[in-house]
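Each remark here refers to the structure printed beneath this line.
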Amino acid sequence: MTCHLLIPAAGSGKRMGGDRNKLLLPLLGKPILQWTLEAALKSESIDWVGLLCQPHDREPFKQIIGQILEQSNTSKSIALIQGGETRQDSVYNGLQALPDHAIYVLIHDGARCLATPDLFDRCAEAVKIYSGLIAAVPVKDTIKIVENGIVIDTPNRDRLWAAQTPQGFHVAPLKAAHIKGRTQQLSVTDDAALFEHIGLPVQIVDGEETNLKITTPQDLSIAEFILQNRY
Ligand code: C5P
């Protein structure tokens with residue numbers, strides 16, 4: 001049984017300092033999004049990808065998809081789905097657009113262009129066992145809770161993990177979690193938070209230290225360095 005994959009890619013480039021979708025910025029000669037899609041499609045466990053997209057990005061996204069399909073000669077399908085105002089809205093739209101037979105879904109941020117096919121494979125295997133999971137790595141820094149510039153707490157680092165994507169879920173409970181999140185007007189930055197909110201367990205799968213999310217121009221330089229030194 002293979003997995004369906006949703007890629008939220010319908011954001012903007014505000015923190016990148018630009019006025020266009022940061023996923024269209026070039027990284028070693030091809031758009032960030034192309035790196036993400038190519039890694040995901042190399043995973044044998046994924047045969048359908050839903051790409052969340054804003055209307056003004058449809059054309060450049062179609063071009064990227066066309067190039068990938070031409071180069072890889074794959075029979076996998078990539079569907080463009082209308083993104084929402086927030087990441088949470090985009091994933092909600094993606095869940096509604098999944099084919100009816102979808103049982104397992106992975107969700108992976110378009111901005112995490114360094115995740116390896118191996119990580120997709122591990123998450124796709126694990127989601128057959130666990131109804132909710134996230135790729136994550138233990139936190140190395142000491143984390144402080146701060147209010148108005150003053151530290152108010154220092155949580156024990158042994159229990160802190162940095163959440164990444166892919167995150168994987170059984171489709172039915174994830175849909176229920178998203179619907180409840182909307183009804184209660186919860187605003188979250190990952191899907192696992194909604195799953196946790198309805199009391200369902202979320203399993204940790206070992207993530208990758210290099211699986212960073214491209215957010216600032218500096219991240220782009222780091223990603224370039226990682227890719228140049230890979231393999
Ligand atoms: O802004 P940030 O990088 O945290 O967003 C995480 C992912 O969610 C990105 O890949 C971005 O394109 C996506 N996103 C989305 N729809 C939005 C906002 C963000 O699909 N409305």
Its Cα gyration tensor gives the range 3-228 an equivalent ellipsoid whose semi-axes in whole Å, largest first, are 26, 22, 18
Interchain or sequence-distant (5+) residues whose placed amide H lies within less than 5 Å of the amide H of V137 are A162, Q164, G207
Residue-ordered couplings for the range 159-167, obtained by feeding phi - 60° into the Karplus form 6.51 cos²θ - 1.76 cosθ + 1.60 and rounding to whole Hz (Gly and Pro as x), are 9, 9, 10, 8, 6, 10, 10, x, 10
Distance in nm between L69 and T86 label points, each 7 Å along Cα→Cβ, equals 3.4
Scalar couplings 3J(HN,Hα) for the range 170-184 by Karplus 6.51 cos²θ - 1.76 cosθ + 1.60 (θ = phi - 60°), nearest whole Hz, x for Gly and Pro, are 6, 4, 4, x, 5, 4, 4, 5, 5, 5, 5, x, 5, 4, 8
Expected sort for 157-164, 202-209, 113-120 on mean C-beta neighbours within 10 Å, highest first, is 113-120, 202-209, 157-164
Between the alpha carbon centres of the range 162-183 and the range 78-97 the gap in Å comes to 13
Asserting the computed 222 nm helical MRE of the chain (DSSP H runs at least 4 long, -39500 (n - 2.57) per run, divided by residue count, to nearest 500) equals -10500 deg cm²/dmol
For the table K76/K140; K76/K175; K22/K76, the rows whose alpha-carbon distance is greater than 31 Å are K76/K140
For the range 207-215, Karplus-derived ³J(HN,Hα) couplings (6.51, -1.76, 1.60; θ = phi - 60°; whole Hz; x for glycine and proline) come out as x, 10, 4, 8, 7, 8, 9, 6, 10
Here the gain from full extension of L25 to I198, 0.36 nm per residue of separation minus their alpha-carbon distance, amounts to 58.6 nm
Flagged as over-length at 22 Å C-alpha distance, from K30/K62; K42/K128; K14/K144; K180/K213, the pairs are K14/K144; K180/K213
Restricting to Cα pairs under 8 Å and 6 or more apart, the percent relative contact order of the chain works out to 24
Largest fluctuation, A176, A39, A192 only, Gaussian network model of the chain with Cα springs under 10 angstrom, belongs to A176
Reduced to Cα centres, the span from the range 123-153 to the range 4-53 in Å works out to 23
DSSP beta bridges in the chain: the antiparallel percent, rounded to 5, is 45
Amide H proximity to R20 below 5 Å, modelled H, separation 5+ or other chain, gives G13
Under 5 Å from the placed amide H of I81, counting only residues 5+ away or on other chains, we find L51, L52, C53
Given Cβ charges of +1 for Lys and Arg and -1 for Asp and Glu, the option among I143, Q63, G29 whose Cα lies farthest towards the positive end of the dipole of the chain is Q63
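A short reminder: the numbers here are calculations on the coordinates, not readings from a lab. Predicted, not measured: the structure shown is a model, and the values here were computed from it. Quick reminder, even Gly has a Cβ in these numbers, built from the backbone with ideal geometry, and neighbours come from all protein chains shown.
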